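Encoded as structure tokens, the structure appears first; notes follow it.
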Amino acid sequence: MIDWQKYRESPPEKERVEKIFSLVDGRGSLAVDIGAHDAFMASILASRYDTVIALDITRPQTESNPEIVPIIGDACNLPFADDSFDMVLCAEVLEHIRPDLLPKACFEIARVSRGNVVIGVPFKEDIRVGRTTCQSCGGINPPWGHQNSFDENRLRRLFEDMVWEKAVFAGENGLATNAFSAKLLDLAGNPYGTYDQEWPCIYCRNKMQWPPERSFLQKVLTRTAAIVHTVQRRFTKTHPTWIHVRFGKPGRRS
């Protein structure tokens, strides 16, 4: 499970939050934080907007802040009318959405905005790195429950009916692998996956469990994957960890 307080105090997270709110440069009456988690970002929004809705699949903890209204909801079926919000913030959410439902979630986010939408997602993430193997169903899971990878072009397509206003980046990431190493680690049971994640298996929804002791063959496969990966790292370029984009509503009222 994530220690949210420790996570929020880390330098990479502080940089990410700073970059996100560099895009939230206005004020207004009503905003929504979709995927509010611990309502940390909702509390920052509350210093700029009269009322903030904090929405997540479980009820966000708002510590009785009267300016924040916590609700349970689904990004793919938002319980709001068209053009409801001056600001829609959605960070660390879209990477978790099932790929077949991702266009629906993006449509819903754009639908409920009458002003700006700020999106934050991992940038060019190789979701083959850190895969896990579910001990309940055997399904191979992406790291941290991240089912989607994004770059500028994909975000433009997903929000093609909105106006791309500005993008900022945060962090630096050189994590990448190759199809051969990834397959070997799958056969080895993915012993180095992100098993401490709070997200369940994307197939059976059971909690992820650390794998048992590897067999000799699995150790050989793991070692071979590591050697191939080490060679490949010499040719891997770094890129930002996060991309944050502010979109505008076409024809919005000023």
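The values are calculated or read from the model by the stated rules, or taken from the named source; none is laboratory data. Keep in mind the model is a prediction, meaning the values are calculated, not measured. Glycine also receives a Cβ, built like all others from the backbone with ideal geometry; neighbour counts cover every protein chain displayed. We work out accessible area using only protein heavy atoms, side chains counted, and drop any ligands, DNA or RNA first. Shrake-Rupley method; radii C 1.70, N 1.55, O 1.52, S 1.80 Å.
Using 0.36 nm per residue and subtracting the Cα-Cα separation, the extra length available between N153 and R27 on full extension is 42.5 nm. Hey, any idea what % of the chain's accessible area is carbon plus sulfur with a 1.4 Å probe? Ligands and nucleic acids excluded, carbon and sulfur reach 53 percent.
Restrict the search to segment 29-113; then list the GluC sites (Glu not before Pro) that DSSP places in a loop and that have at most 12 other Cβ atoms within 10 Å of their Cβ.
Details: sites: E63, E67, E92, E95, E108; in loops: E63, E67, E92.
Here the GluC sites (Glu not before Pro) that fit, given the DSSP loop and packing criteria, are E63.
Roll a 1.4 Å probe over the protein chains and send me the accessible area per residue for segment 143-242 in Å².
Numbers: 6210 Å² over 100 residues.
I get 62 Å² per residue for segment 143-242.
The heavy atoms of D86 offer some 40 square angstrom of accessible surface to a 1.4 angstrom probe. Subtracting the Cα-Cα distance of Q61 and T238 from their residue separation scaled by 0.36 nm leaves 60.1 nm. Structure note, pairs K14/K166; K183/K219; K6/K124; K124/K249: Cα-Cα distances above 24 angstrom occur for K6/K124; K124/K249. Which of P191, P60, P11 moves the most in a Gaussian network model of the chain with Cα springs under 10 Å? Maximum fluctuation in the GNM of the chain, among the listed residues, is at P11. As a size descriptor, the averaged projected area of the C-alpha convex hull of segment 55-139 was calculated at 7.7 nm². Looking at segment 1-94, the trypsin sites (Lys or Arg not before Pro) that sit in a DSSP loop and have at most 13 other Cβ atoms within 10 Å of their own Cβ are R27.
Summarising the label geometry, the points placed 7 Å from Cα in the beta-carbon direction at L175 and R223 lie 2.6 nm from one another.
Residues considered: I34, I57, I68. Largest GNM mean-square fluctuation over the chain, using C-alpha springs under 10 Å, is found at I57.
Within the full protein context, the accessible area of T58 is estimated at about 90 Å² for a probe radius of 1.4 Å. Taking trypsin sites (Lys or Arg not before Pro) across segment 149-254, the ones in a DSSP loop with at most 15 further Cβ atoms lying within 10 angstrom of their Cβ are R205, K207, R214, R234, K237, R252, R253.
Determine the per residue accessible area of segment 1-98 with all protein chains present and a 1.4 angstrom probe, expressed in square angstrom.
Working: 4810 Å² over 98 residues.
Counting only protein heavy atoms, the per-residue value for segment 1-98 is 49 Å².
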